[in-house]
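The values are calculated or read from the model by the stated rules, or taken from the named source; none is laboratory data. Just so it is clear, the model here is predicted, and its values are computed rather than measured. Ideal geometry is used to build each Cβ from the backbone, glycine not excepted, and the neighbour counts take in all protein chains shown.
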Amino acid sequence: MFPELNNLLNTSPARAEQGKLTLLCDSETDGSFLVHHFLSFYLKANCKVCFVALLQSFSHYSMVGQKLGVSLTTARERGQLVFLEGLKSSVDIFFQTQEEPYPLQFLREARAGNLLPLYRFVRDALKPEDSGEAAWRYPVLLVDDLSVLLSLGLEAVAVLDFIHYCRATICSELKASLLWCLMQGNVVALVHDSGDAEDEENDVLLNGLSHQSHLVLRAEGLATGFCKDVHGQLKILWRRPSKSIARQDQNLIYQYKIQDKSVSFFARGMSPAVL
């Protein structure tokens, strides 16, 4: 994880908020560093993480995780991390021999739109342990990235329904037994903003998730183009839903530079290289 980003968000693994939906968005830049941050963040917070990785392989995330001080292999072996490798799973679907549906079963359907198997995979991955005592602090769903589902033929409404049911299952406080209560968990998802005004499905997905989210992190490329000392800017929007008409939202903007094992953030125009 990146300590400077934690400082900007006023959080840490020991005191992370619960029951929240965080939307990660990138436009004209690569926002994957945000995914790596939250993956290492929640693993260090001792949370049970279900990672639906639709964009890269396990080895890719594992190599980056080692730079950030976490071992995805160890986390998976001890049951803390449930990893769905979308690239591999999509190939297995077309050569499946068993009748039980795969999480990405919609790839074999004549009309894509059924994400129920994927939801059941997430639900089962994050369900409480049978021992009666929770081994992890709370469950977390991380998705990288939802835009891939649109490119595979799904409609934005189907993806929004999937997130809605995941939120209802993970972010709500549910009494699982008389002995203990399932603590509220979090959902973190990345969506790519193509910037295409005619891409209505992408706009529907982004707008729908933005209205549901408690925190929106939007990584953008610089309007002036490439710069070796400033890689982009990060917009941070805290959304605080209220029963009153007025909303208590807060918006901050920082520029950043990605380094080998960290990310540096600074106010716009205040890059150390410029000064």
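Residues in the stretch 194-214 that are in contact (Cβ under 8 Å) with a residue 60 or more places away in the chain and either surrounded by fewer than 15 Cβ atoms within 10 Å (Cβ to Cβ) or within 16 Å of residue 33 (Cβ to Cβ) (or both): 195 only.
I need the full set of residues from the stretch 8-22 which are loosely packed, with under 15 Cβ neighbours inside 10 Å, farther than 16 Å from residue 212 by Cβ and either of a type in the set (Gly, Ala, Ser) or under 16 Å from the mean Cα position of the chain (by Cα) (or both), in order please. Write out each step before concluding.
The first filter runs over the stretch 8-22 and keeps only residues loosely packed, with under 15 Cβ neighbours inside 10 Å, leaving 10, 12, 14-15, 17.
Pick out the ones that are also farther than 16 Å from residue 212 by Cβ and you get 10, 12, 14-15.
Those that are loosely packed, with under 15 Cβ neighbours inside 10 Å, farther than 16 Å from residue 212 by Cβ and either of a type in the set (Gly, Ala, Ser) or under 16 Å from the mean Cα position of the chain (by Cα) (or both): 12, 14.
Within the stretch 47-82, the set of residues being surrounded by fewer than 17 Cβ atoms within 10 Å (Cβ to Cβ) and not polar (S, T, N, Q) comprises 60, 63, 67, 69, 76, 77, 78, 79. Residue under question is residue 28, and the condition is that it be on the phi > 0 side of the Ramachandran plot and not aromatic (Phe, Trp, Tyr); does it hold? Here the answer is yes, as residue 28 does meet what is asked. Between 142, 154, 149, the distinction of being closer than 22 Å to residue 58 by Cβ, at pLDDT below 95 and hydrophobic (A, V, I, L, M, F, W, C) belongs to 149 only. Counting only helices (runs of 4 or more DSSP H) wholly contained in the stretch 1-92, the ones carrying 1 or more residues that are touching a residue at least 60 places away in the same chain (Cβ under 8 Å) occupy 3-9, 32-44, 58-67.
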